[in-house]
Amino acid sequence: MARAVQGPLWFQLYVLKDFDFNRKLVRQAEEFGYSALVVTVDLQTGGKREKDLRNGISIPLRPSLRHVLEGIAHPAWSFRLLRGGFPQFENVRGYLGDTSAGLTIAARVGRNLHAGFDWDDFRTIRDWWKGLLIVKGVLNPGDAARLIGEGADGIWVSNHGGRQLDGAVSSIDAVGAVHDAVGGQASVMIDSGIRTGMDVIKAKARGATASAIGRAALLGAVEGQAGVERVLDLLLEEIATGLKLCGVPGFQLVGPDLISPVVAG
């Protein structure tokens with residue numbers, strides 16, 4: 001990735017039980033010139049993802065007749081998959097002595113996520129990493145304030161796309177209180193539920209410095225690089241149109257006054 005990409009790179013760390021392996025991953029990110037470390041704190045274990053269960057998605061994948069029929073119905077996608085192969089989780093190759101990659105090692109890693117991650121563990125990672133450190137998966141304003149006090153440089157508000165804990169507060173409802181708790185000491189990002197350019201504008205009005213668009217980008221990726229570029233173009237067009245219709249001449253001028261409170265009748 002570092003060889004292929006021109007521009008700043010962030011490394012997202014899913015914290016494993018084996019801290020020697022965590023240290024190896026962080027060291028590699030540093031050696032390859034990554035500018036920020038993103039520590040994920042909302043994946044202590046995999047959530048009960050009922051949509052995946054209904055769709056027969058599992059790790060490792062267990063092919064079924066339904067998958068075969070889906071593949072036949074989408075020949076272009078199937079051809080690209082057969083040509084390129086399944087994702088290879090190269091970063092965790094060798095974990096627990098397993099030299100394989102792909103979905104087999106992904107399943108093993110999933111069973112070894114660090115469910116007991118605590119403040120001491122966070123301090124350890126903060127000591128390892130000398131660059132910018134962002135914490136992803138924060139919804140509680142008190143946690144956000146403490147993380148900044150413990151040395152985090154940024155807060156990433158996320159409920160993991162609603163895929164982890166289905167009763168969690170939505171990111172857009174949480175980001176305002178997190179922004180207020182941080183008090184301008186750090187940037188606040190957001191993901192989960194960002195689908196349109198207006199969603200980005202609303203997030204900015206609630207206090208988010210930036211919005212992440214993982215799911216939208218992945219949907220575009222079905223058509224390869226051109227699909228992702230098209231998604232980005234659509235979002236930027238929607239942001240420009242939304243700003244004009246809101247009467248705001250620039251994105252950085254979006255503030256909380258843009259969202260009108262509901263007035264009881």
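The values are calculated or read from the model by the stated rules, or taken from the named source; none is laboratory data. In this text, all values refer to a predicted model and were calculated from it rather than measured experimentally. Don't worry about glycine lacking a Cβ; one is built from the backbone with ideal geometry, like all the others, and counts go over all protein chains shown.
General remarks:
- For the stretch 148-180, the candidate set comprises residues that are among the small types (G, A, S) and in contact with a strand residue (DSSP E or B) (Cβ under 9 Å, 6 or more places away or on another chain); within that set, the residue that is surrounded by the fewest Cβ atoms within 10 Å (Cβ to Cβ) is G151.
- Hey, F21 more than 25 Å from I155 (Cβ to Cβ) and surrounded by 15 or more Cβ atoms within 10 Å (Cβ to Cβ) or not: yes
- Only one entry of P75, P87 meets the criterion of being outside the structural domain of D173 (by TED's automatic domain parsing), under 24 Å from G224 (Cα atoms) and modelled with pLDDT under 75, and that entry is P87.
- Subset of the stretch 47-83 [more than 29 Å from G137 (Cβ to Cβ) and of a type outside the set (A, V, I, L, M, F, W, C)]: P63, S64, R66, H67, E70, G71, H74, P75, S78, R80, R83
- Residue in the stretch 26-35 that is within 16 Å of the chain's Cα centre (by Cα) and touching a residue at least 60 places away in the same chain (Cβ under 8 Å) present: no
- Qualifying positions in the stretch 125-169 - small (G, A, S) and in contact with a Leu (Cβ under 9 Å, 6 or more places away or on another chain): G131, G137, G151, A152, G154, S158, A168
- Hey, D153 modelled with pLDDT of 95 or more and within 15 Å of V38 (Cβ to Cβ) or not: yes
- Test: residue in the stretch 18-41 that is touching a strand residue (DSSP E or B) at 6+ places or on another chain (Cβ under 6 Å), over 18 Å from Q88 (Cβ atoms) and in a loop (DSSP other than H, G, I, E, B): yes
- In a residue-by-residue description of the stretch 251-262, the property of being in contact (Cβ under 8 Å) with a residue 24 or more places away in the chain, of a type outside the set (G, A, S) and surrounded by 15 or more Cβ atoms within 10 Å (Cβ to Cβ) applies to at least one position.
- Condition check for G214: exposed (fewer than 15 other Cβ atoms within 10 Å of the Cβ) and either in the same structural domain as D42 (by TED's automatic domain parsing) or of a type in the set (A, V, I, L, M) (or both): no
- Looking across the stretch 125-147, just one residue is more than 21 Å from V182 (Cβ to Cβ) and surrounded by 13 or more Cβ atoms within 10 Å (Cβ to Cβ), and that is W128.
- Number of residues in the stretch 203-241 that are of a type in the set (S, T, N, Q), modelled with pLDDT of 95 or more and under 28 Å from P87 (Cβ atoms) equals 1.
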